[in-house]
Amino acid sequence: MTIKDQTAAARAISVPAGLVFRKPTRQDGYSIYKLIKQCPPLDLNSTYTYLLLSEHFADSCIIAELDNEIVGYISAYIHPDKNDVLFVWQVAVHSKARGYGLGTTMLQELFKRSSMANIRFVETTVGPENKASRKMFARFAEGFGASVKEREYFESDLFGPQNHEDENLLRIGPVGETHAA
């Protein structure tokens with residue numbers, strides 16, 4: 001099944017009608033901040049961070065809107081030392097849009113973009129207790145017939161005194177041949 005077929009099947013089965021996927025713009029920075037704030041256990045970054053992501057990395061980030069409200073967001077970037085790796089930083093889905101497979105669908109939508117044509121691997125960090133993210137990335141990998149490898153990456157003590165759990169690196173891939181639209 002191609003990525004386009006997977007996305008169509010996901011929409012037909014579960015994604016709410018009227019959902020729009022698009023690149024973020026600088027005007028979305030504060031709305032993204034507010035969404036992330038409503039999505040624990042995600043780390044909340046400054047509004048400035050989301051402005052920069054929207055301005056500098058719009059080609060590798062995605063927004064899901066429903067009725068002109070942002071209900072989903074992925075921040076990601078092409079790894080500076082590995083141009084075939086997309087590093088997914090945060091995946092946020094508003095509580096009213098959960099249960100539809102929106103995180104997986106947003107990743108699939110990202111991979112339709114021509115800017116993703118050279119991407120063969122997806123990397124992300126996930127805490128050991130974040131079952132929802134682990135399940136989403138497993139579904140994404142399964143859609144490509146790709147493997148998921150995990151290794152230690154950021155130990156909790158690197159985060160200082162804020163009592164942050166370890167963040168292990170998930171590496172998904174290869175994610176297929178040409179998958180951009």
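The values are calculated or read from the model by the stated rules, or taken from the named source; none is laboratory data. Everything numeric in this text was worked out from a predicted model, so none of it was measured. With ideal geometry, Cβ positions are generated from the backbone for all residues, glycine too; neighbour counts draw on all protein chains shown.
Miscellaneous remarks
- Pairs are defined by a Cβ separation below 9 Å, a sequence spacing of at least 6 or placement on different chains, a first member in segment 90-108 that is among the charged types (D, E, K, R) and surrounded by fewer than 22 Cβ atoms within 10 Å (Cβ to Cβ), and a second member that is modelled with pLDDT under 95 and assigned to a helix (DSSP H, G or I); the pairs so defined are R98/A132.
- In segment 86-105, the qualifying residues are those that are among the hydrophobic types (A, V, I, L, M, F, W, C) and over 8 Å from the mean Cα position of the chain (by Cα), and the one that is nearest to L35 (Cα to Cα) is V93.
- Within segment 151-167, considering residues that are surrounded by 13 or more Cβ atoms within 10 Å (Cβ to Cβ) and farther than 17 Å from A76 by Cα, the one modelled with the highest pLDDT: E165
- Test: E109 is charged (D, E, K, R) and modelled with pLDDT under 90: no
- Counted residues, segment 14-54 - those being within 16 Å of L66 (Cα to Cα), touching a Ser or Thr at 6+ places or on another chain (Cβ under 9 Å), part of a loop (DSSP other than H, G, I, E, B) and of a type outside the set (S, T, N, Q): 4
- When residues of segment 1-15 are limited to those that are surrounded by 12 or more Cβ atoms within 10 Å (Cβ to Cβ) and among the charged types (D, E, K, R), the one modelled with the highest pLDDT: K4
- Residues that are surrounded by fewer than 17 Cβ atoms within 10 Å (Cβ to Cβ), among the small types (G, A, S) and at pLDDT 95 or above within segment 16-64 comprise just one, S46.
- Residues of segment 91-125 satisfying the condition of being farther than 20 Å from P40 by Cβ, among the basic types (K, R) and out of contact with any Lys or Arg (no Cβ under 9 Å at 6 or more places or on another chain): R120
- Qualifying residue in segment 147-159 (condition: in contact with a helix residue (DSSP H, G or I) (Cβ under 8 Å, 6 or more places away or on another chain) and under 24 Å from N83 (Cα atoms)): yes
- Matching residues in segment 128-137 - criterion: being under 14 Å from L102 (Cα atoms) and either in contact with a helix residue (DSSP H, G or I) (Cβ under 7 Å, 6 or more places away or on another chain) or of a type outside the set (D, E, K, R) (or both): A132, S133, M136, F137
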